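**Q** Before I ask anything, here is the structure I am working with.
Here, each number is a calculation from the coordinates, and none is a lab measurement. As the structure is a computational prediction, the values presented were derived from the model and not from experiment. Positions of Cβ are generated from backbone atoms using ideal geometry, with glycine treated the same way; all protein chains shown enter the neighbour counts.
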Amino acid sequence: MLDPAQSPEFRARALTALANKNQSAAVARATSTISDRRDLALEEVPEWQEWRERARLIKAHVLENLDTYLEQFESNAKRRGVTVHWARNAQEAIDLIFDIGKRAGSGAIVKAKSMATEEIGLNHALEAKGWEPLETDLGERILQLDGQMPSHIVAPALHLSRDDVADIFVRELGVDRTNDPSELTAIARRVLRTSFAKAALGISGANFGVAETGSILVLENEGNIRLSTSLPKIHISLMGIEKLVPRFEDLALYLRLLPRSGTGQRLTVYQSMITGVDPSQEGPEEMHIVLLDNGRSGLLAQPDDRQTLQCIRCGACQNVCPVYRAVGGHAYGAVYGGPIGAILTPHLSDGPQAAELPYASSLCAACRDVCPVKIDIPKSLLRLRAKAVKDGHRGRLEKVGFRAWARTMERQGRYERAMRSGRMFQGVVLSDGAAGKVARSPMTPLKAWMTERAPRRLAKKSFRELWKEGLIDG
Ligand code: SF4
């Protein structure tokens, strides 16, 4: 992950995360527990690969016809009493939500877990206007109390231990210390239930939207999304434009695919299907769906990388990624961490992460193997790296080095001469002598590379030489 061409902020975040042993342990424990559960859940499904392929095909088809499906979704949702809004970027989405929310009056604002709202920085924007949105997902609530952002797509507070949570509750809620998970949950529930009762505005995301009915589906395990979307007078759902499936029956596949891949569950505990609003019945008087673009149509226009929009936010790629497992989500400096974040964030923001995040990967391809919609993350990472080089975001020395390496690899004779020289000089460079010290000194660009890696010595003789000498049996 560390690379001399990365910004000091990027390196500092990675080093801080690596030095935080408690956090590393919590992330490693949680990600391996979830991955083990996922493996067990998949053993029950011999047709898993067929599910993946179908899920990929449906999503790819939607992306190819997104304009049609979006219009279909909008008209069906409107027919059922929903007001549909379009937001080109984060600011437009925030303004829309603020304008709708003003009509809700003075009651509480309850928020369900939603990565899209994190993406647009909704909480900060509303707080800046004097509002007090209350996160109702337990993990999100803990992070809100502590002023942190989520570190994982599915389990936002997975980097915290139960002792960390106990400390936060004592400090922020003034309760007696306990690190018992049931007691901690009960404390959070007491506060949240009161807010639900007083809620005037509920804000949620959406896991899927259905074009043929205008419905949205939200999945969860705690029940707070159901309360946030049904008790308040106004419900606003913020949904990325890529979240659609064509038909209601398509949901049957994703309902089984997402929980198995995300948490190893056969199904999530709650599946809330919301199709329109009827003010004469119980439930919200108004429902609004804000369709968020925020860089997605730009990505859609890139056929090679469009597959990134197939993501169903299950978090499986984060759980298996060796880089994510070592540093956790905050080191990425973006809302979406881990492999999916490394290929998605560069399309959603022009910030410095755009060029840096694709390098936060070992390219081991474990993410591709677990992805339930078969996104080829390593291929996208390589394309984004190539773009970073083309846009001049990498050091000149690195460019020169790789060009020289490419020229060397082009001809057998050049390669063999380079290996012979390497064998001759490696002793001095890797030694503790003067040359070795120079190689590791802060003045050399090799220093960062040398401090993070233990270079392997070249063998005294190459395989070809040994073969020619008859020392290897044919
Ligand atoms: S890229 Fe694939 S594995 Fe990663 S979160 Fe998205 S759907 Fe899940």
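**Q** Between Ile153, Val45, Phe463, whose Cα lies farthest towards the positive end of the dipole of the chain when Lys and Arg beta carbons carry +1 and Asp and Glu beta carbons carry -1, centred on the Cα centre?
**A** Looking along the dipole axis, the top candidate is Phe463.
**Q** Please enumerate, by chain and number, the lysines with C-alpha under 26 Å from the C-alpha of Lys102, excluding those fewer than 8 residues away in the same chain.
**A** Within the straight-line cut-off, Lys102 pairs with Lys78, Lys111, Lys113, Lys129, Lys198, Lys233.
**Q** Using 0.36 nm per residue of separation minus the Cα-Cα distance, give me the extension gain between Arg103 and Arg171 in nm, one decimal.
**A** Full-extension gain reported as 21.0 nm.
**Q** Need one number: nm distance between label points at Phe425 and Lys21, each 7 Å from Cα along Cα→Cβ, rounded to one decimal.
**A** If labels sit at Phe425 and Lys21, their model points lie 4.0 nm apart.
**Q** At a 10 Å Cβ-Cβ cut-off, how would you order Asp167, Asp39, fewest neighbours first?
**A** Listing Asp167, Asp39 from fewest to most nearby Cβ atoms yields Asp39, Asp167.
**Q** In addition: Once you have a ≥ b ≥ c as the square roots of the Cα gyration tensor eigenvalues for segment 45-294, tell me rounded if a/c is under 1.5, and otherwise prolate or oblate according to whether a/b is larger than b/c.
**A** Oblate shape, in that a/c is at least 1.5 and b/c is the bigger or equal ratio.
**Q** Ok, one more. Label-point separation (nm) for Trp86 and Glu50, each offset 7 Å from Cα along Cα-to-Cβ?
**A** Each label point lies 7 Å from its Cα, and together they span 4.0 nm.
**Q** Quick one: compute the contact order of the chain, relative version, from alpha carbon pairs under 8 angstrom and 6+ residues apart, as a percent.
**A** About 20 percent, as a whole number.
**Q** Once you put a point 7 Å from the Cα of Phe248 and another 7 Å from the Cα of His124, both along the Cβ direction, what distance in nm separates them?
**A** Output for this residue pair reads 4.1 nm.
**Q** How do Lys390, Lys374 line up, fewest other C-beta atoms within 10 Å first?
**A** Neighbour counts put them in this order, fewest first: Lys390, Lys374.
**Q** Neighbouring Cβ atoms within 10 Å as the yardstick, rank Phe248, Phe425 fewest first.
**A** Going from least to most buried by this count: Phe425, Phe248.
**Q** Further question on the same structure: Counting pairwise Cα distances across segment 372-425, what percent come out greater than 15 angstrom?
**A** Roughly 65 percent, once rounded to a whole number.
**Q** Let me ask something else. Just subtract the alpha-carbon distance of Leu363 and Arg189 from 0.36 nm times their residue separation and send over the number in nm, one decimal.
**A** Stretched out fully, the Leu363 to Arg189 stretch lengthens by 58.5 nm.
**Q** Further, regarding this structure: Going highest first, how would you order 22-28, 212-218 by mean Cβ packing within 10 Å? Provide the component values of the computation, followed by the final result.
**A** Working: 22-28: 17.4, 212-218: 21.4.
Taking the mean over residues of other Cβ atoms within 10 Å, the ranking is 212-218, 22-28.
**Q** A further question on this structure: Over all directions, what mean area does the Cα convex hull of the chain project, stated in square nanometres?
**A** 27.4 nm²
**Q** By the gyration tensor of its Cα atoms, with a ≥ b ≥ c the square roots of the eigenvalues, what is the shape of segment 164-290: rounded for a/c under 1.5, prolate for a/b over b/c, or oblate?
**A** Because a/c hits 1.5 or more and a/b fails to exceed b/c, segment 164-290 counts as oblate.
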